[in-house]
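Heads up, the thing below is written out as structure tokens.
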Amino acid sequence: MKIILGITGGVAAYKAAELARLMVKEGIGVEVVMTEAATRFVTPLTLQSLTGKPARTNQWDDMAHIDLSRGADAILIAPATADFISKLAQGQASDLLSSLCLARDCPLLIAPAMNRQMWNNPATCRNIELILSDGIHMIGPESGIQACGEEGMGRMTEPAEILLALNSFLSPKALSGKKFLVTAGPTMEAIDPVRVITNLSSGKMGYAVAQAALDAGAEVVLISGPTCLAPPAGAAFFNVRSASQMRDAVMEHVGQCDVFVSVAAVSDYQVANQSSAKIKKQDRLVLELEAGPDILREVAALANPPFCVGFAAETESLEKNARIKMEKKKLPMLVANLAQDALGSDMNEITIFGPDGMEKLPRSSKKALAGRLVEEIAKAIS
Ligand code: C5P
């Protein structure tokens, strides 16, 4: 495998040396191209020593900007600074690395790294949106302590994780040609125009499942209740509020799908005595609740249902309740977790009940668990 490792000028450039070392260790042929600014943070000699090949920096050497990318499996830029991302967004070719990106005929992946305010700057947000819609792939960034001492979004993903993401990007896709429908987040049921009842759900697990399915090559429709999360690039995204709206959106798309993963915390009840005007404050207000649609049950009961995966957040007797739910909703697969382990957190602990029995996965990030779950789904439907 041949990868062009582009390094741009941010303090995280020192970690690119470690990334180059890990890549070489895996037998990847690494050609390093550095911007002038990158050479202020780490020397070309360091990269040459690690890869066994000169690190290129000069645009005027030869036709390197065309030749280098020919035969490469991908260009990976780590770190990618805010400045370099803006060059990519504009299609600039003002140095060897940006020329190479513009003249490439292979995929381009970037691992951004910058100060949190640079990351959140509207100009950077615009540029990121542009490059994603141009088909450039992004690894990270992560949230955490930054070199400047501030804490927030913009830390470069660790080298070992970048390499994992690169490998999974380049590996044959287990789910190409498959269509996933994923629901995520809570639903909100109106009491009156300004008040709702809802189930607690951040949407993080559902969005992670959608992302993992995309990473595995599936086409993804994500139907989400209100969350604070950015939808994964590449998914067809539909925002809904109530369980009924979610049900209608699901029914509209489910016919074309091979897999339905119902991660949403759908409200079981809706308010029967909903008021169209704001209810005045009073000492006691009695709400009458009636059962809303059970979306998953309805989908699983279709004449020709997709492969249905349910989620069960329990507070006790996890296994017993999970099995009852699987039986009641007629599901081939169910993911069970304890609500107290999962709610709002980036981490979770899940048990997958599937055709091959039960598998308990150790506590891990929701992203990693979603990846494992998608692997299990791919196995089950293959
Ligand atoms: O709420 P419950 O524990 O029954 O949720 C189990 C599964 O059923 C979840 O996958 C959830 O998305 C789905 N569900 C649904 N419609 C409901 C309630 C739950 O689709 N009204």
### Query
How do the peptides 223-232, 295-304 rank, highest first, by the average count of neighbouring beta carbon atoms within 10 Å per residue?
223-232, 295-304
### Task
Work out how much length Ala368 to Lys320 would gain on full extension: take 0.36 nm times their residue separation and subtract the Cα-Cα distance, in nm to one decimal.
14.7 nm
### Message
So for the stretch 179-381, averaging the separation of alpha carbon pairs under 8 Å that are six or more residues apart and normalising by length, what relative contact order in percent results?
### Response
21
### Summary
If amide H atoms are modeled at 1.01 Å from N in the peptide plane, then the residues at a separation of 5 or more from Asp192, or on another chain, having amide H under 5 Å from its own are Ser275
### Task
Return the percentage of antiparallel bridges among DSSP beta bridges fully within the chain, rounded to the nearest 5 %.
35
### Query
Hey, what's the Cα Rg ratio for the chain versus the globular rule of thumb, 2.2 N^0.38 Å?
1.13
#### Entry: Sequence-separation-based contact order of the chain, relative, with Cα cut under 8 Å and 6+ spacing, percent
11
### Query
Between their Cα atoms, which of Lys325/Lys379; Lys25/Lys179; Lys25/Lys204; Lys53/Lys367; Lys2/Lys360; Lys173/Lys320 are more than 32 Å away from each other?
Lys25/Lys179; Lys25/Lys204; Lys53/Lys367; Lys2/Lys360; Lys173/Lys320
### Query
What's log10 of I(q)/I(0) for the stretch 179-381 at q = 0.12, 0.18 Å⁻¹, Debye sum over Cα points only, no solvent?
-0.58, -1.26
### Message
Need one number: nm distance between label points at Asp73 and Arg241, each 7 Å from Cα along Cα→Cβ, rounded to one decimal.
### Response
4.8
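Tell me the mean residue ellipticity at 222 nm calculated for the chain from its helices only (DSSP H runs of n ≥ 4, each -39500 (n - 2.57), averaged over every residue, nearest 500).
Values: 14 runs with 132 residues, N = 382.
So the calculated ellipticity at 222 nm is -10000 deg cm²/dmol.
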### Query
So how tilted is helix 318-329 from the main axis of the chain? Cα-based, degrees 0 to 90, rounded to 10.
70
## Note on the structure
With x for Gly and Pro, the residue-by-residue ³J(HN,Hα) of the stretch 244-260, computed from phi through the Karplus equation 6.51 cos²θ - 1.76 cosθ + 1.60 at θ = phi - 60° and given in whole Hz, is 5, 5, 5, 4, 4, 5, 4, 5, 5, 9, 5, x, 9, 9, 8, 9, 10
## Note on the structure
Given 25 °C, 0.890 mPa s and a Kirkwood radius over Cα pairs, the Stokes-Einstein diffusion coefficient of the stretch 1-135 in µm²/s is 167
### Query
Tell me, how many Å apart are the Cα centres for the stretch 29-100 and for the stretch 285-350?
49
### Task
Starting from the amide H of Thr157, placed 1.01 Å from N in the peptide plane, find each other amide H under 5 Å away whose residue is 5 or more places distant or on another chain.
Glu142
### Task
On a 0 to 90° scale, report how tilted helix 122-133 is relative to the longest principal axis of the chain, with both axes built from alpha carbons and the result rounded to the nearest 10.
90
### Task
Please list, in chain and number order, the residues 5+ apart from Lys178 or on another chain whose amide H is under 5 Å from its amide H, with Hs placed from the backbone.
Glu219
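Coordinate-derived values only; no laboratory data. These figures come from a predicted structure and were not determined experimentally. Note that we place each Cβ from the backbone using ideal geometry, even for glycine, and neighbour counts take in every protein chain shown.
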